[in-house]
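Q: Structure in structure tokens, see below.
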């Protein structure tokens, strides 16, 4: 199924619930994938996201050098691949090949989209002032894609030590300021 | 049910899945509650948390002045109260009174615990260098409490516009680095 462009003004609703996501980076013809869930929205539009990528991760150097990455949000159907990417290092493994994931060209950045993820967010690093102290990168989402066939994405939420919560039922409550 | 002390080393597993939480602050005998979900873990232990509290919120000034707050994590049972606190301003409403929530004294900070939340994290502001640009506060959790009777907390996860996802089933996957 071809992905469709997704409005930047709605990106916060994808990240605010706290899903695990996979960051893809690319440099000098090599690509990498990193699984993570230490992230937060920081502004609605343009969507600004803050995330921690440890300097012990192979992706840290790639991101510092290229200043761009893609956030790929997976669902429970590929949970084994998500955890596999989190348990291996891109220093010695081609994770696309190892975990049978499909890289697709992005529109605005060099890093690849992961085809198997229902949502892909192309990002540019916007602020590195907290990288040295906290490995905290502030990025701006400049282009968003969604798989229109996925109506009720069962995202993964990490509880620690390999335990995950899968997105459950949805409820609606009045949320206008009164 | 009396709350019990909770190990600081396990706090990340409560916040990493991305639950909505309620921040309590106190100053000069007045208390406030703010509902939010723009937060991320930044370090395991001591647990460091980053969160955005807009300068349009009454809690912003209280937090800047007192440099301490409490993170209170609610479950779906009190969803109406959680949303109610998000839809009103502490500038003109006593939210504990309005929403029948119970303030309890904390151990290490002046802000009150919300009794009805299954988890309470006492926090001190650790870094304000990103407050002026992003309203982003870095805090350290110095004391954590849990209600031992709540075995499978059904946390709330905000999807935007008053839509929430309720924590669903749990799965376990091998997560050791190989």
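Q: Look at residue A:174 and say whether it is within 7 Å of chain B (Cβ to nearest Cβ), modelled with pLDDT under 95 and assigned to a loop (DSSP other than H, G, I, E, B).
A: Taking the combined requirement at face value, the residue satisfies it.
Q: If you don't mind, another one. Within the stretch A:60-82, which residues are modelled with pLDDT under 95 and crowded, with 21+ Cβ neighbours inside 10 Å?
A: Result: A:62, A:63.
Q: Here are the criteria: (1) in contact with a strand residue (DSSP E or B) (Cβ under 7 Å, 6 or more places away or on another chain); (2) under 16 Å from residue B:141 (Cβ atoms). Tell me which single one residue B:65 does not satisfy.
A: (2)
Q: Conditions first: (1) within 8 Å of chain A (Cβ to nearest Cβ); (2) in a loop (DSSP other than H, G, I, E, B); (3) surrounded by 15 or more Cβ atoms within 10 Å (Cβ to Cβ). Residue B:153 passes all but one, so which condition is the exception?
A: All conditions are met except number (1).
Q: Within the stretch A:124-134, can one find any residue that is over 22 Å from residue B:42 (Cβ atoms) and at pLDDT 95 or above?
A: No, the conditions are met nowhere in the stretch A:124-134.
Q: Which of (1) within 30 Å of residue B:166 (Cα to Cα); (2) touching a residue at least 24 places away in the same chain (Cβ under 8 Å); (3) surrounded by fewer than 24 Cβ atoms within 10 Å (Cβ to Cβ) is the odd one out, the single condition residue A:134 does not satisfy?
A: Every condition holds for residue A:134 apart from (1).
Q: I'm trying to understand the selection: among the residues of the stretch A:137-149, which are under 16 Å from residue A:3 (Cβ atoms) and crowded, with 24+ Cβ neighbours inside 10 Å?
A: A:141
Q: Can you find a residue that is farther than 25 Å from residue B:44 by Cβ, more than 12 Å from chain B (Cβ to nearest Cβ) and over 17 Å from the mean Cα position of the chain (by Cα) anywhere in the stretch A:138-145?
A: No, because not a single residue in the stretch A:138-145 is farther than 25 Å from residue B:44 by Cβ, more than 12 Å from chain B (Cβ to nearest Cβ) and over 17 Å from the mean Cα position of the chain (by Cα).
Q: A follow-up question, please. So, restricting to helices (runs of 4 or more DSSP H) that lie completely within the stretch A:28-129, which ones have at least 3 residues that are within 27 Å of residue A:162 (Cα to Cα) and in contact (Cβ under 8 Å) with a residue 40 or more places away in the chain?
A: A:79-86
The values are calculated or read from the model by the stated rules, or taken from the named source; none is laboratory data. All figures in this text were calculated on a predicted structure; none of them were measured in a lab. Heads up, the Cβs are rebuilt from the backbone with ideal geometry, glycines too, and the neighbour counts pull from every protein chain shown.
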